[in-house]
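Structure first, then comments.
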Protein chains: 2
Amino acid sequence: MIASDEMTKATGRETEGRRERKRRQTRERIEQAAISLFLERGFDVTTVEDIAERADVSKRSFFDYFPSKEDVVFAWQDGFAEHLMRAIASRPLDEPVVKAVQYGLTSAIVSAADERALRLGELIRRTPVLNARDQFKYAKLEAKLTEALKARSRSEKESERMRLLAAVVIGALRVASERWAAQPPGGSLETFAHRFFADFWKTLIDFGNEGLQIRPD
Amino acid sequence: MIASDEMTKATGRETEGRRERKRRQTRERIEQAAISLFLERGFDVTTVEDIAERADVSKRSFFDYFPSKEDVVFAWQDGFAEHLMRAIASRPLDEPVVKAVQYGLTSAIVSAADERALRLGELIRRTPVLNARDQFKYAKLEAKLTEALKARSRSEKESERMRLLAAVVIGALRVASERWAAQPPGGSLETFAHRFFADFWKTLIDFGNEGLQIRPD
DNA sequence: TGATAATATTGCACTTGGTGCAAAAATTTA
DNA sequence: TAAATTTTTGCACCAAGTGCAATATTATCA
């Protein structure tokens, strides 16, 4: 139990008994074994037995730590949605939603982008079944974002707009992550995000204006 | 072989030998058996053997017609992307892209929305694994749309904008399908689509304007 | 400390989706 | 009718995942 405070590596070591510690260690061992095997050989050709063997646990135990093979790849991402929710909730209520979203997303992105994320991103991109699941993650993220935004809105009308904002902004997130991956590495992610969003809002206006010109054929 | 001309029910019956005819009939039998079982009992609890039995073929033969259980649900959707591509390609090149997209999408939606689509939509919505795959479909659709739009654009700059347009518009499609499903049935889909888009473009402008106000904290 | 309760780990049998292959059945062609 | 082609099937097999009961480990408390 209690996977809630994995962040308490330094602070809560006193309260972490042998049981919790061993369980955490085992989980980390499994995760490391799995990821390294995935990167070495590929996701599909790596069997759960391979992973279990390298992590020195039984195949059955693997499923006691992760509900599926795929979940090993995506477990670390779980924090992203939570971070985003918290970041948005922490913005002042009188702030324009769009601004709250931009800052929330930027904060979540920056905190999630590390070395491992890049390598896993590569793996996900070149593995169809992981790719599919990644899209599902975006959908769930969109749902959570919608929820967070609706919580800020006062009218029904505004709520409907928030659903649209979430959809549009998660779409932007997908594009942004593509562009960031295609960029020469080393740049500042904050700067990139800021520029991307600025361009994005401008482009939205262009699209909107073009769309408003449309008259029935 | 030859799944290419399934539309030739009336016209090409002379050229369709016993082999092709039986194969088509078997495929339809399997599909019907599967869908009806999915709707009766649910997707997860229906086994391929159940389907094969109701369709009176062997389990092995099922996989000769469909690569996976999920594919039975999504096979019919394959036409959507093609229709969209064709619809967009048929719009005049000097037409604003946004207009071409709106009309292309509307056309594809209208042609795809039938009785079966609604019931399958319900099934997909309440079955997580199908839901995931559905999201993947959207992603692939987005990729195809991007491709179609980039084919229309002349500059690199414009190409990048097209990637954004595709993302934003497919996001809109997701929201639109939600709203349509939540609506009292019986209305005109064309009218609904037209109104939705009009509202959508206006909302984009609002979001864009809000976004442009953002200054660094 | 030692007994006992709680939890973690494992082995094992089982179900299901999916594939490869070769034999058998149906269909077309000569 | 015989030969060639395609379809269908049976069968053995692999891998993901689950349920369950037995065992081992750790925590608790008298």
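Spin-label model, A:VAL48/A:ARG215: points 7 Å from Cα along the beta carbon direction are separated by 6.3 nm. Each other copy places its own label point for B:GLU53 at 3.7 nm from this one, sorted shortest first, where the point lies 7 Å along the Cα-to-beta carbon line.
Extending 7 Å from Cα along the Cβ direction at A:SER36 and again at B:GLU158 yields two label points whose distance is 5.2 nm. Screening chain A for DSSP H helices whose Cα atoms reach 27 Å or more along their own axis and whose mean Kyte hydropathy is at least 0.0 gives A:156-182, A:189-212. Starting from the label point of B:ARG179 at 7 Å along Cα→Cβ, the same points in the other copies fall at 2.7 nm, in ascending order. Diagonalising the gyration tensor over the Cα atoms of segment A:97-217 and scaling each eigenvalue by 5 before taking the square root yields semi-axes of 27, 18, 16 Å, largest first.
Solvent-accessible area assigned to carbon and sulfur over segment A:70-193 amounts to 55 percent, based on a 1.4 Å probe. Relative contact order of chain B: 14 percent, from C-alpha pairs under 8 Å at least 6 residues apart in sequence.
Checking the Cα-Cα distances for B:LYS99/B:LYS202; B:LYS22/B:LYS59; A:LYS22/A:LYS137 against a 22 Å cut-off, the pairs over it are A:LYS22/A:LYS137.
What is the diffusion coefficient of chain A in µm²/s, taking the Kirkwood radius over Cα pairs and the Stokes-Einstein relation at 25 °C with a viscosity of 0.890 mPa s? The Stokes-Einstein estimate is 124 µm²/s. Three principal axis extents of segment B:11-66 based on alpha-carbon atoms, in descending order, are 41, 22, 15 Å. A simple spin-label model places pseudo-atoms 7 Å from Cα toward Cβ; at A:ARG29 and A:GLU115 they are separated by 2.3 nm.
Please compute, for peptide B:162-173, the average count of beta-carbon atoms on other protein chains lying within 10 Å of each residue's beta-carbon.
Partner-chain Cβ atoms within 10 Å, mean over residues of B:162-173: 6.
Convex hull volume of the C-alpha atoms in the protein assembly as shown, normalised per residue: 195 Å³.
Ascending distances from the B:ASP206 label point to its copies in the other chains, with the point 7 Å along the Cα-to-beta-carbon line: 2.4 nm.
Taking trypsin sites (Lys or Arg not before Pro) as exposed when their DSSP state is a loop state and no more than 11 other Cβ atoms lie within 10 Å, the longest site-free interval of chain A runs over A:14-125.
Peptide B:100-111 has a mean shielding of 1, counted as Cβ atoms of other protein chains within 10 Å of each residue's Cβ. Counting charges near A:PHE63 (Lys, Arg +1; Asp, Glu -1) among other residues having Cβ under 13 Å from its Cβ returns a value of 0. Across peptide B:151-161, the mean count of Cβ atoms from other chains lying within 10 Å of each residue's own Cβ comes to 1.
Helices in chain A, meaning DSSP H runs of at least 4 residues, each add -39500 (n - 2.57). Divided by all residues, the mean residue ellipticity at 222 nm is -24500 deg cm²/dmol. In chain A, a dipole from Cβ-located charges (positive for Lys and Arg, negative for Asp and Glu) runs towards its positive end, and of A:ALA108, A:HIS83, A:GLN183 it is A:HIS83 whose Cα lies farthest in that direction. Give the longest segment of chain B that steers clear of GluC sites (Glu not before Pro) in DSSP loops with at most 13 neighbouring Cβ atoms within 10 Å, not counting the sites themselves. Answer - B:15-217. Heavy atoms of chains B and A lose about 4200 Å² of accessible surface on contact, summed over both sides with a 1.4 Å probe.
The values are calculated or read from the model by the stated rules, or taken from the named source; none is laboratory data. Predicted model only: the values in this text are computed from it and were never measured. A quick note on method: Cβ atoms are made from the backbone with ideal geometry, for glycine too, and the neighbour counts reach across all protein chains shown. Just so you know, the surface numbers come from the protein's heavy atoms only, side chains and all, with ligands and any DNA or RNA stripped out. Shrake-Rupley method; radii C 1.70, N 1.55, O 1.52, S 1.80 Å.
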